[in-house]
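First the structure, in the form of structure tokens, and then the observations on it.
The values are calculated or read from the model by the stated rules, or taken from the named source; none is laboratory data. Please read these numbers as outputs of a predicted model, since none were measured by experiment. Cβ placement follows ideal geometry from the backbone for every residue including glycine, while neighbour counts extend to all protein chains displayed. Areas reflect the complete protein model, heavy atoms only, side chains present, ligands, DNA and RNA absent. Shrake-Rupley method; radii C 1.70, N 1.55, O 1.52, S 1.80 Å.
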Amino acid sequence: MKSEWVPWRGVRRERRDGRVTPEIIEVLIVLAITLIFFASEILAVDVIAVLVLIYLVVPVPWRDLPLLPLEDALMGFGHPAVIGVGALFIVSAGLIRTGALGFLSNHLHEWSRGSNRLLTAWMLLIVLVSSAFLNNTPVVAMFIPVALGACLRSGMNPSLILIPLSYAAILGGTCTLIGTSTNILVASIARESN
């Protein structure tokens, strides 16, 4: 066995070259079962994720130690990137509850002056700018009702605006570090590894 340095944790772990251990097989089985449960939606996704986490950190009769030490399992929850993504979801929920988006829905038809092209352009511009400063996933979730309401008022087919809306959110999200969860995580990992 060789010893391997894990720089982000500052510890040494034993590494077995080219051998599939019983722990690896167990983790792959847990992963396969988890994917089946996610796809079948028998339980809520968050419940499944918590159950898998509990299984990984609790010792079971056929092995002495847990597959994952508790410190490692909980380490990610305190990561600044995770906290930042959670904060963006809170800001997005605040925008929905305060009615700030209702204002947009009510005035989009007025600003477009009855033109479907102007309506699409306004909607895409607002989503593009919003997703640059908020997480793009909740931006799309927030603007779907806005887009559907604007389409109902104008008589426009919703499919003509919903697909471009998602592309505008993706484009806006890639403009800044906080626009997508992926950018936040990659930036924090890059900062940690120098």
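Just a few scattered comments:
- The single condition among (1) modelled with pLDDT of 80 or more; (2) under 30 Å from I144 (Cα atoms); (3) not aromatic (F, W, Y) that H107 does not satisfy is (1).
- Scan of the stretch 157-194 for residues that are within 22 Å of L119 (Cβ to Cβ) and open to solvent by 20 Å² or more (accessible area, probe 1.4 Å), ordered by number: N157, P158, S159, L160, L162, I163, P164, S166, Y167, I170, L171
- Flag if R117 is open to solvent by 60 Å² or more (accessible area, probe 1.4 Å), under 24 Å from N136 (Cβ atoms), at pLDDT 80 or above and not acidic (D, E): yes
- Residue check for L35: aliphatic (A, V, I, L, M) and in contact with a helix residue (DSSP H, G or I) (Cβ under 6 Å, 6 or more places away or on another chain): no
- Residues that are touching a residue at least 12 places away in the same chain (Cβ under 8 Å) and out of contact with any helix residue (DSSP H, G or I) (no Cβ under 6 Å at 6 or more places or on another chain) were ranked within the stretch 54-71; the one that is farthest from N136 (Cα to Cα) is R63.
- Scanning the stretch 17-45 for residues that are closer than 18 Å to W62 by Cα, modelled with pLDDT under 90 and open to solvent by 70 Å² or more (accessible area, probe 1.4 Å) yields V20, P22, E23, I24, I25.
- Flag: L88 matches the condition of being open to solvent by less than 40 Å² (accessible area, probe 1.4 Å), under 16 Å from L177 (Cα atoms) and modelled with pLDDT under 75.
- Taking the criterion of being among the aromatic types (F, W, Y) and touching a Ser or Thr at 6+ places or on another chain (Cβ under 7 Å), the only residue of the stretch 89-130 that qualifies is W122.
- Residue count, the stretch 131-140 (criterion: more than 16 Å from P164 (Cβ to Cβ) and either open to solvent by less than 20 Å² (accessible area, probe 1.4 Å) or hydrophobic (A, V, I, L, M, F, W, C) (or both)): 5
- Hey, V82 β-branched (V, I, T), farther than 30 Å from N135 by Cα and modelled with pLDDT under 75 or not: no
- Of the residues making up the stretch 120-130, those that are under 13 Å from L162 (Cα atoms), out of contact with any Leu (no Cβ under 6 Å at 6 or more places or on another chain) and open to solvent by less than 40 Å² (accessible area, probe 1.4 Å) number 2.
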